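The values are calculated or read from the model by the stated rules, or taken from the named source; none is laboratory data. Predicted, not measured: the structure shown is a model, and the values here were computed from it. Cβ placement follows ideal geometry from the backbone for every residue including glycine, while neighbour counts extend to all protein chains displayed. Keep in mind that these areas ignore ligands, DNA and RNA; they rest on the heavy atoms of the full protein, side chains included. Shrake-Rupley method; radii C 1.70, N 1.55, O 1.52, S 1.80 Å.
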Amino acid sequence: MTPKQAVYILGISFILLVMGCAAGISQQSRSKVTYTGSFSALQKTPDVYKSEVIILGGRIIETKASYPLSELTVLQLALGSGGRPENLDQSEGRFIVQTNQLLDPAVYQKDMLLTVVGTLKGSKVLSIGGFEYTYPLVELIEIKLWPKGMQIRPIIHFGIGVGTSF
């Protein structure tokens with residue numbers, strides 16, 4: 001193998017590695033999405049959008065795993081261009097994700113960020129501190145759990161060894 005071929009192979013391998021680590025929701029699931037409106041409209045009248053396929057992101061509030069369903073209660077957060085939740089201090093509400101798969105509470109922990117594609121099944125009314133709250137109910141198609149500590153915004157670093165990050 002020539003040095004040029006080795007550099008080429010290393011370059012391709014690096015690109016594939018970076019793409020694999022940063023991958024979010026699959027293109028196949030993204031192509032199923034039929035609802036592109038706001039979360040607040042969805043939250044106010046979830047029954048109007050019943051059977052729509054949606055993509056949402058947020059922070060896990062609670063995980064319940066009991067046969068036959070696992071449920072995630074999620075604080076909605078806007079998705080960035082890469083499909084990862086951002087603006088961690090701004091939310092339009094909450095939603096519930098349901099699946100007949102086991103979503104292990106040890107893996108789907110409180111405060112973890114996620115992105116989901118699912119079918120809107122209607123709503124579920126629960127109490128939050130004595131107030132009635134209507135949660136959009138999403139049946140899971142695909143889920144992406146984002147690793148802790150993963151940067152939300154790009155970091156620019158100048159310097160060799162010692163430098164400054166922006």
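For this structure, a couple of remarks:
- At a probe radius of 1.4 angstrom, the accessible area of the range 98-142 per residue rounds to 52 square angstrom.
- Residue-count net charge about D111 - beta-carbon cut-off 11 Å; Lys, Arg +1, Asp, Glu -1: +2
- Protection proxy ranking, peptides 67-74, 41-48, 127-134, average beta carbon neighbours within 10 Å, highest first: 67-74, 41-48, 127-134
- Filter on K110/K144; K44/K124; K64/K124; K121/K148; K44/K64 - keep pairs with C-alpha separation over 22 Å: K121/K148; K44/K64
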